[in-house]
Amino acid sequence: MSEHPAVPPGFCLWLTGLPSAGKTTIAKAITPLLEQRGFRVELLDGDEVRTGLSADLGFDRASRETHARRVTFVAKVLARNGIVPIVALISPYRTSRAKARSEIGAFVEVYITTPLALCEQRDVKGLYKKARAGQIKEMTGVDDPYEAPERPELVIDTEHQGPLDAAHEIVRGLESLGWLSPAQGARASSPQASGLKT
């Protein structure tokens with residue numbers, strides 16, 4: 001009786017930051033960079049997950065923590081099956097992110113640090129403007145706190161670089177942390193080398 005080959009371990013890349021800091025845009029830029037190295041990648045965008053898995057939740061603290069727990073569960077399942085979940089989630093509370101780290105284990109916290117004023121300039125949805133006008137309550141960064149990470153694995157400043165440069169900086173950071181090997185780039189042209197089926 002033949003044994004199934006071991007599934008290579010995945011890891012979770014968790015991007016946290018203020019609304020409109022650039023988390024989702026950077027996550028989308030990272031995805032092909034990891035895929036080129038033979039990884040299977042799944043993007044878990046906080047807003048997108050809310051439309052399905054967390055459509056029943058509001059934006060109070062309890063709802064935000066429940067939302068983060070649900071995303072954590074999905075990311076944990078993906079990572080243990082050899083997939084790299086890239087989570088782009090405000091996740092404003094340190095306790096939620098600490099629980100995610102504890103649950104997932106293979107966890108890389110990336111703090112997307114962007115000045116609040118710049119986030120407001122980038123806000124295509126107009127959420128900050130509505131919050132300032134009192135039309136939206138419990139807006140992170142306005143009337144609800146964002147608790148910046150104290151010891152993230154990576155800190156990415158988006159004030160002075162674009163999304164693609166930020167994505168490459170994260171990849172270099174993953175290499176220095178030992179999650180990626182520079183030699184993996186040579187595997188991009190050979191899906192069989194990574195165990196993926198074409």
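Just so it is clear, none of the values below were taken in a lab; they were calculated from the coordinates. This is a predicted model, so every value here is computed, not measured. So basically every Cβ, Gly included, is an ideal-geometry build from the backbone, and we count neighbours across all protein chains shown.
Side notes on the structure shown:
- Straight-distance crosslink candidates among lysines, where the alpha carbon sits under 27 Å from LYS137 and sequence neighbours closer than 8 are dropped: LYS23, LYS99, LYS125, LYS129
- Counting only alpha carbon atoms, the long axis of helix 94-104 and the longest principal axis of the chain meet at about 20°.
- As a rough footprinting exposure proxy, the listed residues ARG122, ARG172 were ranked by other beta carbons within 10 Å of their own, and the order from fewest upward is ARG172, ARG122.
- Residue order for LEU57, LEU44, fewest other beta carbons within 10 angstrom first, comes to LEU57, LEU44.
- 3J(HN,Hα) from dihedral phi, the stretch 71-81, Karplus parametrisation 6.51/-1.76/1.60, rounded to Hz, x for glycine, proline: 5, 4, 4, 4, 4, 5, 5, 4, 4, 6, 9
- With helices as the sole contributors, the chain gives -12000 deg cm²/dmol at 222 nm; each DSSP H run of n ≥ 4 counts as -39500 (n - 2.57), and the sum is divided by every residue.
- A simple charge model with +1 on the Cβ of Lys and Arg, -1 on the Cβ of Asp and Glu and nothing else charged puts the dipole of the stretch 1-130 at about 280 debye relative to its Cα centre.
- Neighbour-count ranking [beta-carbon atoms within 10 angstrom, fewest first] of HIS67, HIS168, HIS160: HIS160, HIS168, HIS67
- On the principal axes of its alpha carbon atoms, the chain extends 64, 39, 30 Å, with the longest extent given first.
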